[in-house]
Each structure stands twice: as C-alpha cells, then as structure tokens.
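Every number here is computed from the coordinates shown, using simple stated rules; none is lab data. The structure displayed is predicted, hence computed values, not measured ones. Virtual Cβ from ideal backbone geometry, glycine too; neighbours counted across all protein chains shown.
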Amino acid sequence: MFTVFRKLAWFFKEQWLRYSLAIFALIVVSFIDLIPPKLIGMAIDDIQYNQLTPERLSEILLMFGALIVASYSITFFWDYTLFGRAILLERKMRTKLMGHFFKMTPRFFGRYRTGDLMARSTNDLKAIMMTSGFGILTLVDSTVFMTMIILLMVFTINWQLTLAALIPLPIMAYLIHKYGKAIHERFMKAQSSFSDLNNYTLESIRGVRVIRAFVQERQDQSEFAHLTEDVFQKNVDVARMDAFFEPTIKVLVGLAYTIGLGYGAIMVFENKISLGELVTFNVYLGMLIWPMFAIGELINVMQRGNASLDRVDEILNQEPDVSDPDTAKTIEIPETVQFLDVSFRYPEAEGLQLSNINLSIKRGHTVGIVGKTGAGKSTLFRQLLREYKPPGGKVFINGIPIQEFTLDETRGWIGYVPQDHVLFSKTVKENLLFGCEKRSDEDINRILKSASLKEDIDNLPNGIETIVGESGVTLSGGQKQRVSLARALLMDPEILILDDSLSAVDGKTEAKIIAHLKQERKERTTLISAHRLSAVKHADEIIVLEDGKIVERGTHNQLMNNNGWYKTQYDIQQMEGEVDN
C-alpha cells in the first residue's frame with residue numbers, strides 16, 4: 001500500500017524540511033487536542049467531590065482558551081504547509097509531463113491517444129496530489145494520533161477498559177485491507193474508461209462539422225451515452241466499495257462505544273475509575289472515530305494515488321526515439337544538406353518507405369519533390385525534422401552527420417509547413433508570430449503579401465486581430481494554409497520545408513506565392529513537395545519519388561525531355577487547367 005510513498009521519495013527528499021515541519025506541527029496539534037478531555041474529566045470530578053471553586057473554574061477556562069488559540073494557529077500552519085506541498089507536487093508533475101510530451105516523437109503519440117494523455121494529466125495528477133497531502137494527514141492521524149489516544153487511555157484511565165474497547169480494531173484492519181485491493185482494481189478500470197470518454201469527446205468536438213455533414217448526430221450521441229454510462233458504472237463500482245468503509249467503521253466504532261460504556265459503568269460502580277475518567281474515556285473513544293475513518297481514507301487515497309502514479313510513470317518512462325548527442329557539434333549556417341544512401345522504414349510498417357535516397361542540396365537552392373500519394377515525400381522531410389530513429393544511410397549537414405547536432409539546433413534552422421495545418425485559438429497576429437521574435441507591422445504586411453493573404457486578412461471582422469477559433473475554424477482551408485506559410489516565412493529560416501502546402505489554393509494564387517517565394521528565398525534553401533507540378537516548376541532540381549525511390553531527377557526542362565512520369569503528369573495537369581479555364 002505504501003509503495004506510492006516510495007515512488008514519490010524524490011519529492012519528499014526535496015521538500016523534507018517543509019514536510020517535517022508540517023508533520024511535527026500536526027503531531028503537536030494532536031497532543032494539544034488530547035488535553036481538553038482531561039480538563040473536562042477533572043472538572044466533573046471536582047463537581048462530584050464539591051471541590052470546584054470559582055478560581056479553579058477560571059483556571060480551567062483560561063487553559064481551554066489558550067489551547068483553542070494554540071490549536072488554531074498551529075493547524076493553520078500545518079494545513080498551509082502540507083497542502084501547499086501537495087499543490088507544488090501537482091505542478092511539478094504537470095510540468096514534467098508537458099516537458100516529456102514535447103520530447104516525444106510521433107511513434108509515442110500514435111500509441112497513446114490524446115484523450116488518454118489528457119486524463120493522465122488531470123484526474124491522475126489530482127489523485128497523486130491527494131496522496132501527498134491528504135494521504136500524509138490520514139497517515140499521521142491513523143497512526144500517531146490514534147497511538148497517542150490509546151496510550152492516554154491505557155496509562156491515565158485503565159488498561160483493561162482500553163483493551164476491551166479496542167477488540168474491534170483487528171477486525172477493521174482486515175476488512176480495510178480487503179477493501180483496498182478491490183478499490184485499486186476498480187479505480188484503474190474507471191480511469192481507463194474515463195480516458196476513452198475523454199478521447200471520444202475530443203474527436204467529436206473536432207469533427208463536429210463532418211458529423212453534421214453526414215447526419216450522424218444521433219449515432220454520435222448514442223455512442224457518447226454508451227461511453228458515459230460505462231464511466232458512470234465503473235465509478236459507481238468504485239463508490240460502492242468506498243461506501244463499505246463508513247458503515248463498517250461505524251459498526252465497529254459503535255461496538256467499541258458499547259463495550260466502553262458498559263464495562264466502564266461497571267468499573268465506576270466498583271470504584272476502579274471515577275465518573276470524570278469514564279467521561280474522559282468516552283470522549284477519547286469519540287476522538288478515535290476520525291483516526292479509524294482515517295485508516296479507511298488512507299487505504300483509499302493510497303490505492304488511488306498508487307494506481308494514478310503508475311499510469312503517469314508509464315508515460316514518463318517512455319523514451320523518445322531521438323535524443324541529443326552527449327557531445328554536440330555546432331555550425332553557424334547549414335551550407336549543404338546531403339542524403340547518402342538513406343533508407344527508412346516506419347516502426348510499425350512492413351517494407352521500406354525510403355530506399356537508397358541520394359540527394360545533395362546547396363544553400364540558396366530550391367528542390368522540388370513530387371510523386372504519387374504515398375511515394376515518400378513527407379517521409380523524406382521527416383529525416384531532416386528528426387522525428388524518428390536515425391535511418392539507414394546518413395544525412396549530413398555541412399558534411400557532419402545530423403545526429404551529432406542537438407535537436408534544438410537542427411529544428412531551429414527549419415521552417416516547416418505541414419500538410420495538416422495547426423492553428424491556435426488566438427488572433428491571426430499571434431498565430432503569425434508563433435515561434436519567432438517580434439516583427440514590425442511592415443515585415444508582417446510584406447509577408448502577408450508574399451503569401452497572398454493581405455486582402456483576406458483585411459476583410460476579416462477585426463483584421464489581423466481576429467481570433468481564428470479552435471484550430472482556425474473561422475478560416476477556409478486555403479487561408480489556413482497561407483497563414484501557416486506566412487508563419488514559417490516570418491521566421492526567415494535557413495531551410496524552408498513546404499509539404500504540399502499549396503494544395504488548397506487556386507492556380508492563380510499559387511503562381512503569385514511562388515513568385516514571391518523566389519524573391520524572398522534567394523539565399524535560403526527551400527524544399528517543396530507538391531501534387532500540382534506548377535508549384536515546383538521553378539526549382540533548381542526536381543526529384544520524382546516512386547515507392548520510396550528516386551526514379552527521375554533534373555530541372556523542369558530536363559524532365560519534360562525525359563518523357564517519363566513527370567512529363568505525363570504535367571501534360572495532364574495542363575490540360576485539366578485549360579478545361580477549367
């Protein structure tokens with residue numbers, strides 16, 4: 001049960017002083033809270049034997065007042081210190097998780113769904129926070145506080161009466177152990193079910209327009225209701241086991257009270273204890289209720305925290321496919337990029353997605369990469385982005401293997417515009433400036449013109465300050481593509497990668513963008529993949545991929561003279577363009 005504390009030992013060592021002070025204060029308050037019942041017993045005995053004078057009563061009341069003030073002050077201190085550390089742990093774990101997500105590669109995100117990661121970053125972290133705060137409280141109260149009460153009952157009242165009243169405790173310990181195991185298993189299932197619901201909800205919100213277009217609202221609601229019911233039932237199972245704790249402890253505490261009152265009354269009649277001691281004993285029995293409950297809460301919190309920590313640790317123990325070298329090299333400017341016999345296969349796929357790729361790119365050159373869908377264009381770019389383990393063969397930057405640079409350095413050279421355009425629920429301007437330093441309005445307007453976006457932005461309700469909505473929902477596909485392109489151009493990267501990034505714009509707009517790109521990127525390296533061959537016509541070199549292999553290469557004119565796939569495809573697209581016109 002206490003393995004969760006061992007797993008969190010790194011945090012307790014880091015915060016040992018605060019936790020020590022909080023636990024010490026908690027123990028002091030527990031001791032202070034044991035004094036008033038003794039005072040009550042003393043006052044009752046004084047009344048019984050006609051010894052309670054006004055001075056004695058004033059003395060007892062002053063002691064009560066001092067104890068109340070001391071208890072309040074110290075309770076505030078331990079509460080603030082203990083639960084403040086718990087909140088700090090949650091923040092640290094959340095920061096750790098977020099930093100870990102940024103390090104992970106596509107393979108990780110293919111294995112774990114977004115909803116599952118969100119559940120681990122919210123519900124599970126809350127359970128861990130409860131363990132490091134409320135768990136420590138219940139641990140101290142169910143051990144130290146209970147022990148202090150029992151010792152006072154034994155040594156200041158009567159050990160025989162105490163022993164008789166505590167007979168139900170072993171029974172309670174056994175039952176709680178059984179409940180704890182059942183709660184752990186059911187809580188794991190409930191959290192897994194919540195992850196499924198979280199993921200489904202996220203997908204439904206993202207795909208709401210598709211759901212409406214295919215008139216699938218009823219089916220989606222039905223599936224959502226099914227998942228909600230599953231989460232409900234699994235949490236009811238957890239709550240059902242939780243519900244056993246309170247009545248079990250109440251019955252056992254009631255049994256202890258019955259024994260204490262019955263046997264205690266007999267001892268009073270036999271003059272073995274005084275009436276005041278019996279009252280004090282029963283107050284202590286009442287005070288034992290919370291420590292007994294605390295045992296149940298402790299088991300409950302520990303099991304939940306342990307299950308949640310296992311789920312979070314499962315994520316944190318995943319190693320990224322790509323990491324920085326122990327001794328990194330650095331260069332000023334990437335003058336050349338070279339692929340030498342590069343072959344690559346995705347981890348879960350069969351066969352090679354790239355095979356013996358040889359390509360040399362000089363700074364200032366534009367390279368076009370074309371081919372059928374699935375030919376390997378995006379896969380080739382991913383070797384530069386270093387999203388997967390190093391491929392077979394080598395990728396060199398300035399003659400140095402790319403693995404010898406840090407990830408931050410290599411990615412810092414690259415401006416990447418992917419096929420799936422990611423915009424944030426912020427203003428157009430904030431999306432444009434994402435990833436780059438501040439830019440003047442003149443620079444932004446120049447780039448907007450380069451991306452043929454200036455007129456579109458001016459027509460928005462609040463211009464460049466318009467909020468684009470979740471994932472850019474208020475913009476068209478072509479506008480989103482051009483915002484992504486403008487964002488990359490504002491970075492002025494050494495290497496610009498356009499991964500079929502002009503597919504949603506018309507031919508006329510594409511021609512304008514390409515013309516501006518040629519002007520803007522004169523002394524920078526540009527890699528363009530496209531299905532529309534007019535987008536790469538101006539390139540210094542064009543390569544044609546088929547099944548991950550280079551089957552044609554050369555300039556536009558050279559490839560047109562080859563009478564291969566490129567010429568055939570270009571002629572078809574030209575004829576389609578004429579028909580459209």
*asked:* With +1 assigned to the C-beta of every Lys and Arg and -1 to the C-beta of every Asp and Glu, and no other charges, what is the dipole magnitude of the chain about the Cα centre in debye, to the nearest 20?
replied: 500
_For the chain, the longest site-free run once GluC sites (Glu not before Pro) in DSSP loop states with at most 11 other Cβ atoms within 10 Å are removed_ = 1-269
*Sequence neighbours fewer than 8 away in the same chain don't count; with that in mind, list the aspartates and glutamates whose C-alpha is under 16 Å from K394.*
D341, E404
*Round to a whole angstrom and tell me the spacing of the C-alpha centers of the stretch 149-183 and the stretch 293-324.*
31
*Quote the relative contact order of the stretch 483-581 in percent (integer), defining contacts as alpha-carbon pairs under 8 Å separated by 6+ residues.*
20
*If a/c stays under 1.5 just call it rounded; otherwise compare a/b with b/c (prolate if a/b is bigger, oblate if not). Do that for the stretch 1-157, with a ≥ b ≥ c from the square roots of the Cα gyration tensor eigenvalues.*
prolate
*asked:* I need the phi-derived Karplus couplings for the stretch 365-379: 6.51 cos²θ - 1.76 cosθ + 1.60, θ = phi - 60°, integer Hz, Gly and Pro marked x.
replied: 8, 10, 10, x, 10, 10, x, 5, 4, x, 6, x, 5, 5, 4
*Quote to one decimal, in nm, the extra length available between E430 and E246 on full extension: 0.36 nm per residue of separation minus the C-alpha distance between them.*
60.9 nm
*Using a basic spin-label model with each label point 7 Å from the Cα along Cα→Cβ, how many nm lie between W290 and E217?*
5.3
_Based on the alpha-carbon set only, what is the convex hull volume of the stretch 468-581 divided per residue, in Å³?_
130
*Quick one: what are the phi-derived ³J(HN,Hα) couplings along the stretch 404-414, Karplus 6.51/-1.76/1.60 with θ = phi - 60°, whole Hz, x for glycine and proline?*
8, 9, 6, 4, 4, 5, 5, 6, x, 7, 9
_Calculated P(r) tail over 34 Å for the stretch 336-580, as whole % of Cα pairs_ = 17
_As an exercise, find the ratio Rg/Rh for the stretch 9-316 from alpha-carbon atoms, using the Kirkwood inverse-distance average for Rh._
1.12
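Please state the relative contact order of the chain as a whole percent: Cα pairs under 8 Å, 6+ residues apart?
Dividing the mean separation by the residue count of the chain yields 15 percent.
Of all the C-alpha pairs in the stretch 1-63, what % are more than 19 Å from each other? If you can, show how the numbers build up before the last one.
Values: 1116 of 1953 pairs.
When all Cα pairs of the stretch 1-63 are counted, 57 percent exceed 19 Å.
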*Report, to the nearest 10°, how far helix 35-48 tilts away from the longest principal axis of the Cα atoms in the chain, using its own Cα long axis and a range of 0 to 90°.*
20
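Give the calculated FRET efficiency between L163 and V236 to the nearest 0.05, with a Förster radius of 35 Å applied to their Cβ-Cβ distance.
0.30
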*Find the centroid of the Cα atoms in the stretch 57-97 and in the stretch 1-37, then give the distance between the two in whole Å.*
11
*Which aspartates and glutamates does K438 reach when only Cα atoms under 13 Å apart count, and residues fewer than 8 places away in its own chain are ignored?*
E430, D492
*Once fully extended, how much extra length lies between T555 and I35, figured as 0.36 nm per residue of separation less the alpha-carbon to alpha-carbon distance?*
177.9 nm
*So what is the diffusion coefficient of the chain in µm² per second by Stokes-Einstein at 37 °C and 0.692 mPa s, using a Kirkwood Rh over Cα pairs?*
109
*May I ask you to list the chymotrypsin sites (Phe, Trp or Tyr not before Pro) in the stretch 74-116 that are in a DSSP loop and have at most 13 other Cβ atoms within 10 Å of their Cβ?*
none
*Tilt of helix 289-316 relative to the longest C-alpha principal axis of the chain, in degrees (0 to 90, nearest 10)?*
20
*Quick one: which residues, 5+ away or cross-chain, put their amide H under 5 Å from the amide H of L496? H built at 1.01 Å from N.*
G415, T525, T526, L527
*Helix 275-287 versus the longest principal axis of the chain: what angle, 0 to 90°, nearest 10, using Cα atoms?*
10
*Is the shape of the stretch 160-264 rounded, prolate or oblate, going by the alpha carbon gyration tensor and its root eigenvalues a ≥ b ≥ c, with a/c under 1.5 for rounded and a/b larger than b/c for prolate?*
prolate
*For I333 and V28, what does the FRET efficiency come to when R0 = 56 Å and r is the distance between their Cβ atoms, rounded to the nearest 0.05?*
0.30
